[in-house]
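So the structure is just underneath, and the comments pick up after that.
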Amino acid sequence: MFFISPSVIISSLIRVLLLISFFAVMGCQGSAYMTAIKEELIQAETQPLQEKAYQTLSLNLAYDFQIIGLPSRTPLSIPQLALRLRNYDVVFIGEFHGNHASHLLEARLLHALHQQRSNIALSMEMFDRDQQPLLDQYLDSEVGETFLINEAPTWPNYRAAYRPLIEYAKQNFIPVIAANAPADTVRCIARNGAGYLKKLSPDGLMLISATPFRTDMRYKNKYLTLIETLRNLSPQRKEQSYLAQLTRDNTMAESIYQAWLNAPDQQIVHINGSFHSAQHLGTVSALKALDPTLNIAVISPIRIAETARNNSIQQVVNQLDSEQLIADEALYFILGQPASFRKSSYKKQQRKAMFNRSSQATCY
C-alpha cells in the first residue's frame, strides 16, 4: 500500500486538466492516438512515485526495450516519450547497429512523433550525401528496392533494420536526409589524414562538412579510449581515425542544420549509432556549434546483461555512470546481442577481412 500525498494528487489533476485543454485544441486529428496518450499519461502521473522508481525491467524477448525519462528516471511508453519530445527541433535516436530492439524503438517512435506533429523529416547516418539522388528516386517510386539496395549500396542489414523507417517515410511523404559523409572519403581520411582533403575535387568537398575536423576534447578523449579497446594503433593512426570520425559527425550535423534552415518549423529525427550522440557529444556537439539555440533531445540505448533482465530499474540505474543520467533526455534499456565470437582466432580472421575490404577504397 502506497500513500499518495495531497500535493501529488493536486499536481496530477492540474496536469490532467492541461492535457484535456491540449487535446481540445488538437481537435479531431489523430484523436484516437491522442486519447491513448492521454490515458497513459494520466495513469503514469497518478501512479505512486515510489512504485514507478522501482518498477522492474521486462526484457523477455530479444527485441524488448524499456524507456526511462531523464532526469526523473520515470518509466515511459512510446506515446509518453513522444509527447515529451513534441517541441524539440531535433531528436537524436541512438542505436546499436545490429540490435533490432533499437530498430523497433526507432520505427515506433518515428510513427508516434509523426502522428502528433506532421511536419517532420527523417535524417540518417546510414545514407551518405552522394546517395541522396538515388534515395530520392526510391522515395518517389522511380526505382525499386533491389535497385536502391544494390546501387546505393545500402548497409547490409537494410532490409531487417532500416526498411521500416524508409517505408514509413515513403508512404507518408516524409523527406529523408542522406546525412553522412561518403564512406570512401572517410576511409581515405583515416588512411592518409587531413592532407587527403587537398586531393578532393570541389564536388567532393561539397559532400563533406565545410569544417570537417571541428572537435570537442571530451569527445576526443572518449573516442581514443574506445579505440584502445578495439585496435592496437600507432598514435598517428589513432589521430587519423579520429579525424575520420569527426568528418562523419560534422557532416551529419551540417546536413541536419541545412535541412532545418530550409524548413525551421519542421522537427528532424536523426538516427545514428549511439556513440555519435550519447551525452550530447559527437554529432550533437557539432550541431550545437552551428547553432547553440537549437532545442535538441537525445535518446540513448543501454545494454542490459541477461542476468539483469528482470532487475528493478533502480538497480540498473544505480550501476550507470553519472554522465549517462544527466546529459541525455531519455535512455532505453535493451538486451545485449548474442556473442559474435567465442574463438579469438576466428575473430582475428574476420576482423582482418573487414579491414582488408575497407582498405580497398581508392584514395586519389
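The table below gives the values:
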item: All positions within the stretch 154-172 that are in contact with a Leu (Cβ under 9 Å, 6 or more places away or on another chain), outside any loop (DSSP other than H, G, I, E, B) and more than 12 Å from Ala107 (Cβ to Cβ); result: Tyr158, Lys170
item: Sole residue being closer than 30 Å to Arg117 by Cβ and in contact (Cβ under 8 Å) with a residue 12 or more places away in the chain, chosen from Ala160, Ala183; result: Ala160
item: Qualifying residue in the stretch 301-316 (condition: closer than 23 Å to Asn192 by Cα and modelled with pLDDT of 95 or more); result: no
item: Gln236, sole failed condition from (1) closer than 15 Å to Ile189 by Cβ; (2) modelled with pLDDT of 95 or more; result: (2)
item: Helices (runs of 4 or more DSSP H) fully within the stretch 271-364 counting 1 or more residues that are of a type in the set (Phe, Trp, Tyr); result: 344-358
item: Failed criterion for Ile227 (all others in (1) out of contact with any Lys or Arg (no Cβ under 7 Å at 6 or more places or on another chain); (2) in a helix (DSSP H, G or I); (3) not aromatic (Phe, Trp, Tyr) hold); result: (1)
item: Count of residues meeting criterion [within 16 Å of Tyr242 (Cα to Cα) and among the aliphatic types (A, V, I, L, M)] in the stretch 148-194; result: 6
item: Any hit, the stretch 206-214, residues being assigned by TED's automatic domain parsing to the domain that holds Ser241, surrounded by fewer than 14 Cβ atoms within 10 Å (Cβ to Cβ) and polar (S, T, N, Q); result: no
item: The listed residue being in contact (Cβ under 8 Å) with a residue 60 or more places away in the chain, loosely packed, with under 13 Cβ neighbours inside 10 Å and of a type outside the set (Val, Ile, Thr), out of Asn311, Asn295, Asn318, Asn272; result: Asn295
item: Breaking point among (1) crowded, with 19+ Cβ neighbours inside 10 Å; (2) part of a helix (DSSP H, G or I), for Gln132; result: (1)
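The values are calculated or read from the model by the stated rules, or taken from the named source; none is laboratory data. Source: prediction; values computed, not measured. With ideal geometry, Cβ positions are generated from the backbone for all residues, glycine too; neighbour counts draw on all protein chains shown.
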